[in-house]
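Report on the following structure.
Every read-out reported here was derived from the displayed coordinates using simple, explicitly stated rules and does not represent laboratory data. Fair warning: this is a prediction, and the values are worked out from it, not measured in the lab. Cβ placement follows ideal geometry from the backbone for every residue including glycine, while neighbour counts extend to all protein chains displayed.
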Amino acid sequence: MKVMGVVQIRHHFLLMLLSAVGRSQVNPEVCRYPLGMSGGQILDEDITASSQWSESTAPRFGRLDFDHGDGDGAWCPDVAAAADGRRQYLQVDLRSLHFLTLVGTQGRHADGMGNEFAQRYRIHYSRDDAHWVGWRDRKGQPVIEGNRNPYEAVLKDLEPPIIARYVRFMPVTDHSMIVCMRVELYGCQWLDGLMGYSAPEGHQMIYRGLDVFLNDSVYDGVAADRPTKGLGLLTDGAWGLDDFLHSPIYGVWPGYDYVGWTNRSFPRGYVEIVFDFDHVRTFTSMKVHCSNMFSRGVRLFRQASCFFRSEAEWEGDPVVFLPPADRVSQGARFVTVPLGERTASSIRCRLHFGDLWMLISEVAFQSGSAVYNTSLRGHPTNALPGEDPTHKVDDSNTRILIGCLVAIIAILSAIIVIILWKQVWQKLLEKASRRMLDDELTARLAVQTQAFSFLRSSSSSTTSTSSSSSSSEVEEGQGGGGDSGGSSTYERIFPLSADYQEPSRLIRKLPEFAQSADDLVASSRLLLQPAGGPDGGPHYAEADIISLLDGPPGASSLAAGPPAVKEFPRDRLSFREKLGEGQFGEVHLCEAEGMQDFLDEDASEGRSHGGGWSHGGGPLLVAVKTLREDANKNARNDFLKEIRILSRLRDPNIVRLLAVCVDSDPLCMITEYMENGDLNQYLHTLQLGQGPSRGAEGQGEPLGSVVSYAQLMSMVLQVAAGMRYLSSLNFVHRDLATRNCLVGASCTIKIADFGMSRNLYRGDYYRIQGRAVLPIRWMAWESILLGKFTAASDVWAFGVTLWEVLTLCQQQPYGALTDEQVIENTGEFFRDQGKQVYLPKPASCPDDVYTDLMLRCWRRNANQRPGFQEIHRHLLDNAA
Ligand code: AMP
């Protein structure tokens, strides 16, 4: 026999599970499975309590080794309730009868925040929730020593074990203390189904002057004349030694393990025991562990007669069994009584005396497919071969496996939930901080969103000659997608969408996009910039279009109405050479016969501003942009939109639209010819030479391929002048870069390419799964992350353009970074934790220009960036 002393061990949940899984049958060593407080198999609703300190210390938090979730780390009863003398308890409903061998308790630790624990506690239990029993150890002690600190789990063997469905942990306190508990129950399911037995009180034997108490000392039923509804020594899983005077349990009295009777008290010669079960079962056998010390007047019963009852009445025909008498071996043993597959919910067995005394220590039943007896203390030497009652068909392993799987699934689910929660939380924080930092922005976005929904509803079609009212601006925006069936990107794309808050999700690989986009808009300038970087690579990274629809108010009004230039007879255009290829088609150098007649006074002064036309009588050299023939309706509308915008812009540093051919196809826009092409290509061919670093002396055309710093700054000044003009109209360019500036004679710089504002309004681009291509290396952080384009974001792009000019476009901005890294860097600008990377100071750039101008253009707070008016003034002052 094995002594199960009170032990204090650390709780190793997993080890226990594994060892349990490894065993093939239930035995005393392994009927100690955690029953689901820590593992979660016991549901929250099955954990109740007499009171709770607060919702965060509700009973459901009283799970051993469970210190997270939304609670405060344990169950804690209400102190006030405890103080009024009521017993506080944490109750666990196991949903079915269990054989409990071990309990574990823990205090409230809560990652160091808690320091409450139960130093002592009691256990109460019930099988039917009506009759409650206070557990006591074999010596009658009801109180269990509990925890010494809030974090360590302390496990206690239950000796005797408990057979129960409901268990209450009752902290023992002096009522002034706050006590918190987390608990676990260990054992296995009680398959016998035996709810109680009732037997005559055991007798006292005097053996050679020794008192031998043969009563059922741990019986938990109602102790009246005839105990009823209880379980005790006969079902405690422990069977007695051969010598009934001895017990493996230290300090107990002689005969402790046995319940015994003398025949002197039973004139009929038998002891009747009634066994009550949880429901009607079909019984195969009953095993009775008996003493057979015939030298002391103790023998096996000589006959067993068992009666059965399924309903109210006992059946008349008993099963009678006569075990073979053994006059040789005095060893205690199990006697198996066959029960003939009788069905019953109660069995009444009469055990006939075989001698003066009859002593039994255990009774077990086999019904259905299970052999019933859960013995905790084995005594194999005395068990008859093949009769070891611990050999039970048990589904515990299956349950443990299922338990393990459930636990693993629960853990994985918890991890997923935590990760998701973290992400959501992070986004909430970002959103919140962004709102705090840029409240005005959110308001504006909201207004824009409203505006767009209004715009959608207010217009469904457009023509290129819509009126100049604000509603016609709307129609411009909508009209581009007229044949798109109104499948608006406006709804689908929202500035504060999750994608937009997660920069890395914005960016896609360009080739991938290019492929999908090819079929749709072959003419897309945004896919491949003709004026590519020095490496020939694209300037644009694909990203989801978010609120790029919020066209600048200036753009809207400029784009409204018919073009403010005249129609030019296309037969007076003679092709000279191809200048380049843009988003809508090719750009040709042409001679325009009689163009002067089509120019207004203002335009006829063009030559003096560096354009390529003259006001003499001969043909003018002009650049003719033609819409490709296979362009679809959206591209056509966008092209017309750019015409309307350009026709209204009048500034020496904005490329001039001279006339158009829109009465018939192909549509053409005729602009002034800028003989040195775009600024990026132009600068790329130059070298920085010695010259005055400041002042106006070095301005004008570079000598050969050598350009001075002053000449570079003169170019920048012109860009600033053009942008100052645009911003005065409240027009946002959105794509300012050297590639979009043209260079005329005498190094005149003019801003061109108003395609971005147009292209990103709508058109086939938007319908490519809501994606377009964005010049992220020139874009302000708020344009990338929030879709916000303003004059201040144009200022950001101006800073990059300045950087390009001073580096002679020798490299792409952030050339060492991938698109993804540029986007990540944008996130750093947003987070503003000092981790953002700025473009480095170009070698030719004076410190003050870098710090006072360039870096200021890239300030996080858009309000703190200089305006174009200020930039222009600053450059002018520096040039002077
Ligand atoms: P775009 O479609 O406006 O991007 O123009 C494509 C290319 O054609 C530009 O990169 C320039 O090289 C060239 N180009 C466009 N407009 C002009 C112009 N007015 N004068 C000279 N070259 C031009």
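Below is a table of values for the structure above.
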{"read-out": "Computed lengthening from TRP253 to THR282, 0.36 nm per intervening residue step minus Cα-Cα distance", "value": "6.7 nm"}
{"read-out": "Relative contact order, percent, segment 115-224 [alpha-carbon distance under 8 Å, six or more residues apart]", "value": "28 percent"}
{"read-out": "For LEU599, distant residues with modelled amide H under 5 Å away", "value": "none"}
{"read-out": "Cβ crowding within 10 Å averaged over residues, with 738-747, 265-274 ranked highest first", "value": "738-747, 265-274"}
{"read-out": "Relative contact order (percent, whole number), segment 100-171, Cα cutoff 8 Å, 6+ residue spacing", "value": "47 percent"}
{"read-out": "Cβ-derived FRET efficiency at R0 22 Å, ALA843 paired with GLU870, nearest 0.05", "value": "0.30"}
{"read-out": "Förster radius 35 Å - calculated FRET efficiency between VAL79 and GLU152 (Cβ-Cβ, nearest 0.05)", "value": "0.90"}
{"read-out": "Whether segment 792-880 is rounded, prolate or oblate, judged on the alpha carbon gyration tensor where a/c under 1.5 counts as rounded", "value": "oblate"}
{"read-out": "Taking ASP257, ASP630 and counting other C-beta atoms within 10 Å, the order from fewest to most", "value": "ASP630, ASP257"}
{"read-out": "Backbone HN-Hα couplings from phi across segment 165-170 [Karplus 6.51/-1.76/1.60, Hz, Gly and Pro as x]", "value": "9, 10, 9, 10, 9, 10"}
{"read-out": "Theoretical FRET efficiency, 1/(1+(r/R0)^6), r = Cβ-Cβ of GLU55 and LYS835, R0 30 Å, to 0.05", "value": "0.15"}
{"read-out": "Amide H contacts under 5 Å for TRP53, placed H, 5+ residues apart", "value": "CYS76, ASP78"}
{"read-out": "Estimated vicinal HN-Hα couplings, Hz - segment 731-743 in sequence order (Karplus 6.51, -1.76, 1.60; Gly, Pro = x)", "value": "9, 9, 6, 6, 9, 6, 6, 4, 5, 9, 10, 10, 10"}
{"read-out": "Of LYS633/LYS788; LYS625/LYS841; LYS750/LYS835; LYS156/LYS422; LYS156/LYS229; LYS578/LYS750, those spanning more than 29 Å from alpha-carbon to alpha-carbon", "value": "LYS625/LYS841; LYS750/LYS835; LYS156/LYS422"}
{"read-out": "Built amide H within the under 5 Å cut-off of LEU102, gap 5+", "value": "LEU158, TYR186"}
{"read-out": "Charge-dipole axis of segment 779-880 as Lys and Arg at +1 and Asp and Glu at -1 on Cβ define it, positive-most pick from LEU876, SER844, THR807", "value": "LEU876"}
{"read-out": "By average C-beta atoms within 10 angstrom, highest first, the peptides 230-241, 291-302, 713-724", "value": "230-241, 713-724, 291-302"}
{"read-out": "Residues TRP135, TRP421 arranged by fewest to most Cβ contacts within 10 Å", "value": "TRP421, TRP135"}
{"read-out": "For segment 667-684, Karplus couplings with θ = phi - 60° (6.51, -1.76, 1.60), whole Hz, Gly/Pro x", "value": "5, 9, 10, 10, 10, 4, 8, 10, 5, 9, x, 8, 5, 5, 4, 4, 5, 4"}
{"read-out": "Compactness of segment 73-198 as Cα Rg over 2.2 N^0.38 Å, two decimals", "value": "1.07"}
